[in-house]
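Structure record follows, encoded as C-alpha cells.
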Amino acid sequence: MIDVTIQYQQEQRIFALQTKNSSYMFGINDKGRLQHLYWGLPIGVEDCASLLRLSSHSSFDAELDREAEEYSFWGGTCYTEPSLKAIMPDGVRDLSVQYAGHEITEQDGRETLVITLKDKAYPVETKLYYRVIPEYDLVERSAKISNTGDQEIMLESMQSAAWSIPYLQDYRLTHVTGKWSGEFQLRDTLLTEGKKVLESRRGFTDGHANPWFAIDDGQATESEGRVWFGALAWSGNWKLVAEKTAFSHVKITGGINDFDNSWLLGAGDTFETPVFVGGFSDGGFGRMSRHMHHYQYDYVLPNNETRKVLYNSWEATYFNVNAQDQMALAERAARAGVELFVVDDGWFGGRNHDRAGLGDWYVNKEKFPNGLGELIDRVHELGMEFGIWVEPESVNPDSELYRQHPDWVYHFPTRDRTELRNQLLLNISKPEVKQFILAFMTDLLHNHKIKFIKWDMNRTITEPGMKDHSLNRQKEVWVRHVQALYEIWSELRSRFPHVEFETCAGGGSRIDLGIFRFAEQSWPSDNTDAFDRLSIQEGYSYIYAPRTMTCWVTDSPTGMNRRSLSLKYRFHSAMMGTLGIGSNLNEWSDESIGQCAEFVKQYKQIRPLVQFGNQYRLSELKHKGVTAVQYADAAGSEHVLFAFLHSQRLGEPLPRLRLKGLVAGKCYSIDGLPGTWSGRALMNVGIELPLRGDFDSLMYRIREINEKKAGSL
Ligand code: GLA
C-alpha cells in the first residue's frame, strides 16, 4: 500500500511523489544532479532505484543522464532545452549546479517539496517546488531563482519545469491551434527527433495556441490508455518545447518564453516562475480532462459559486448602447430567466465605434443622461445582477487619455506605433498607469452596484519599448505586463470581493490557469455560431472546466457565416457551459422569448451537472457527424446528455451511442422516453439517437430510479 504523498528515501537518494493513481520519482545522482526516473502507474522507490545511474554513449554524448534532468541548467554538456540560462557578473555563461538540500513542508494545507540547488562558484540559488494534488494525480511545479550575491545576474531563460515522459514506442503530442473566431482546435502529431515548439510571442496567452500539452503512445482514447499532460499558469509570452533526443528521451520544457526575454536579477532578488502543473491519467483523455476540471474547481478558481445565466448586449446593440434600449433588453432578458445583465462595449467616453474613446472611462452622458444608476436600478428591480465591459489596458489615439499621456503606451521613439483595432497598448507596469487603472476601476465599482466585470484586451503587443527602463531591462516588458495585470486584478478582487470577473481577449486569447486564479469565467471565442462552437468547446474542454466557459445563444442566421440553426440547437450547444444569451431580444416575439425562457428553465435544472459534475466526451460516433457530451454527478445517479448531428446522409440510421459514467447495476430512466434501463445496458449496448436531417440536436436527462428490474432498450 503506497500512501505517503512525498517521501525522500535517504539511502537510495530518491524522491517519491505519490498520488492516488500515479508515482513520480527522481533522484540525486553521483554528480549531485536531479535525475528524473519514473512517471506513471504507482510503484515503490525500490522498483526504480536501479535507474539512478550515470550513462554515456561517446564523447559526443558524454553525459546522457543529463537528458533526464529535472531542471536543466545551461552549462557544461547541457545540450537539450535548458530550464535556466544565466550570465554571471563577470560574463561567465555557464551554470554548474548541484543539490544542496531539501525540505518537505506544508503550503496551503498541501505537502510541498522544496529542493535547493546551488552553483559551485556563483551566488545563484534555485529552489524547485513540487506540490502534490493526490486525488487528481497532479503535481504542481515551479522554481524560484535567487541572487544571493551583491552583483547583478542576467537571466536569459527561466522555465517553470521540465517533464520527462517514460519510453513509449511512439509519442503523440496533442495540443490546440486557432485564430480569432476559431480558437481551441485540436491537433495531434507524432514526435520525431528534434523539437516541436508551441508558443506565444504576442504578449498574452494567445488564441493561436494554448499553453498545455498531452502525450500518449498514439493509442489512447477518451476512456482508455495512458496520457501524460501539463498546463502552464501564465497569461503572457510562453513556450512549451516537446523534445525528442536521438536516444528517444522525450521531455517537455515549459515556462515564460525566452524569446526577446531577459531579467536582471539584482543583489538579493528572487525571480519566481509561474506554476506548471503536470499529470498522469491511465483513463485516457477523458480522465485527464475531468481531473483538470476538478483541479480548477478545487484549487485554482477564485470561488466555487454557481455561474449565473447571463445576458450580454454586444451582438444586440454593438456600440449603439443607450439607457432606453438597454432597459428594454433587460426587461426581456428578465422574462427569459436571465440572472445577470451585462452591458458590453460602448457605454463610456466618445465610444461610438472602435476608432475612439477607449481610455476615457466615464459614463457617456448622451447615452446615459441619468448615469448608469438608472439602468442598474432597473436591472435590480427586474431581479437580475448587473455587469459591465471594460478594456483597461488599451487606448484609442483618438481619446482624451492618449492626448494627455501619449507616453503611456509601449513604443520605440523612432518607430511608428502600430495600431491594431485602432488602438495602442498601455504600459501597465508604469506606476502611474497602474494607479490610473486602479483608480477608475475603483470609482466604477465603488459608485455602482456592479457584480460582474468582463475584462477585455483586443490587441497584441507591438513595439515593446518601455521608456522609463534602462537598456538592460527593456526585455522585461513581456513579464512585467503580466505581473502588473495580476497585481491589478488581485488588488481589485481584494477591494471588491463580491465582484466576479470574466477574462476575454478578442474572444479566447487570454485563457489559462494563471488568469483563472482571478477570473471565474472566460469568453472562449467571438464566434457564436452554435455548430462552430462545438469544436471550440471540445478543444477548450481538454483542459479547461465547463463552468468557466461562457456560451451565448445568439441570433440566427449568425453574423459569422449566415448559418441558420434552430433555437433548440443553439440552446443545446450553449447549455454545455455557463449559459448566456447574446441575441437582440428587442426584436424577438413574445412567443420566442417564452421558448427561450423554457430552455433557460431546463438549463437551471441541469446546471449543477454541467457546472459541478463530471464531463464525458462521447466520441464514438464522431465519424458519423455526431458530437455527444455527457455530464454526470459524482455518484453516477444523475446525468444529462447532449447530442448533435451535423447532417444525415443516404438515409442511414445512426449506430447506438454508448454512455459513460453510470453505475452498471443501477436502474435508470430517460426523461421523455418510456421504459427503464440498467447502467450496464446504457454503457454497453447504448441508446438510439433519433437525430434527423441537418443540424439536429437533443438533450436527455437520465436519472437513477429505485426499481429493481430494468426493461428493454
Ligand atoms: C471583443 C470581445 C467581444 C466584445 C467586443 C467589444 O471582440 O471578444 O465579445 O466585447 O470586443 O468591443
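Tabulated data for the structure shown
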item: Residue among Ser573, Ser583, Ser556, Ser541 that alone is more than 27 Å from the chain's Cα centre (by Cα), of a type outside the set (Phe, Trp, Tyr), modelled with pLDDT of 95 or more and not assigned by TED's automatic domain parsing to the domain that holds Ile687; result: Ser556
item: The stretch 113-137, residues that are more than 17 Å from Gly268 (Cα to Cα) and either of a type in the set (S, T, N, Q) or open to solvent by less than 30 Å² (accessible area, probe 1.4 Å) (or both); result: Leu113, Val114, Ile115, Leu128, Tyr130, Val132, Ile133, Asp137
item: Answer residue from the stretch 649-667, given it is at pLDDT 95 or above and not aliphatic (A, V, I, L, M) and is least open to solvent (accessible area, probe 1.4 Å) among those; result: Cys667
item: Close pairs (9 angstrom Cβ cut-off, 6 or more residues apart or separate chains): farther than 12 Å from Tyr311 by Cβ and of a type outside the set (Val, Ile, Thr) in the stretch 322-350, within 16 Å of the ligand (Cβ to nearest atom) and in a helix (DSSP H, G or I) anywhere; result: Asp325/Ala316; Asp325/Thr317; Asp345/Trp314; Gly346/Trp314; Gly346/Thr317; Trp347/Gln326
item: Any hit, the stretch 471-485, residues being closer than 18 Å to Trp263 by Cα and exposed (fewer than 14 other Cβ atoms within 10 Å of the Cβ); result: yes
item: Trp552, sole failed condition from (1) under 27 Å from Arg335 (Cβ atoms); (2) within 16 Å of the ligand (Cβ to nearest atom); (3) crowded, with 24+ Cβ neighbours inside 10 Å; result: (3)
item: Lone unmet requirement of (1) farther than 26 Å from His353 by Cβ; (2) among the small types (Gly, Ala, Ser); (3) open to solvent by 10 Å² or more (accessible area, probe 1.4 Å) for Ser509; result: (1)
item: One residue from Phe518, Phe571, Phe531 being open to solvent by 10 Å² or more (accessible area, probe 1.4 Å), more than 16 Å from the ligand (Cβ to nearest atom) and in contact with a Phe, Trp or Tyr (Cβ under 6 Å, 6 or more places away or on another chain); result: Phe518
item: Within the stretch 293-410, strands (runs of 3 or more DSSP E) holding 1 or more residues that are in contact with a strand residue (DSSP E or B) (Cβ under 6 Å, 6 or more places away or on another chain) and surrounded by fewer than 23 Cβ atoms within 10 Å (Cβ to Cβ); result: 340-343, 385-390
item: Flag if Asn370 is on the phi < 0 side of the Ramachandran plot, more than 16 Å from the ligand (Cβ to nearest atom) and polar (S, T, N, Q); result: yes
item: Qualifying residues in the stretch 494-505 (those that are more than 18 Å from Pro211 (Cβ to Cβ) and in contact (Cβ under 8 Å) with a residue 12 or more places away in the chain) - the one nearest to the ligand (Cβ to nearest atom); result: Glu502
item: Matching residues, the stretch 532-578, being under 23 Å from Phe341 (Cβ atoms) and among the hydroxyl-bearing types (Ser, Thr, Tyr); result: Thr548, Thr550, Thr554, Ser556, Thr558, Ser573, Thr578
item: Residue within the stretch 310-319 that is within 20 Å of Leu424 (Cα to Cα) and within 15 Å of the ligand (Cβ to nearest atom) present; result: yes
item: Residue within the stretch 475-482 that is within 16 Å of the ligand (Cβ to nearest atom), closer than 30 Å to Met154 by Cα and within 23 Å of the chain's Cα centre (by Cα) present; result: no
item: Every residue from the stretch 423-446 that is within 16 Å of the ligand (Cβ to nearest atom) and touching a residue at least 60 places away in the same chain (Cβ under 8 Å); result: Gln423, Leu425
item: Residue check, Thr105 open to solvent by 10 Å² or more (accessible area, probe 1.4 Å), assigned to a strand (DSSP E or B), of a type in the set (Ser, Thr, Tyr) and over 22 Å from Lys239 (Cβ atoms); result: yes
item: Verdict on Lys449 being open to solvent by 40 Å² or more (accessible area, probe 1.4 Å), touching a residue at least 60 places away in the same chain (Cβ under 8 Å) and not assigned by TED's automatic domain parsing to the domain that holds Leu264; result: yes
item: Checking Gln324 against (1) away from the ligand (no atom under 16 Å from the Cβ); (2) in contact with a Gly (Cβ under 9 Å, 6 or more places away or on another chain), the condition it does not meet; result: (2)
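The values are calculated or read from the model by the stated rules, or taken from the named source; none is laboratory data. What you see is a predicted model; the values in this text were computed from it and never measured. Neighbour counts run over all protein chains shown; Cβ positions are idealised from the backbone, glycine included. Accessible surface is based on the protein model in full, side chains and every heavy atom, while ligands, DNA and RNA are left aside. Shrake-Rupley method; radii C 1.70, N 1.55, O 1.52, S 1.80 Å.
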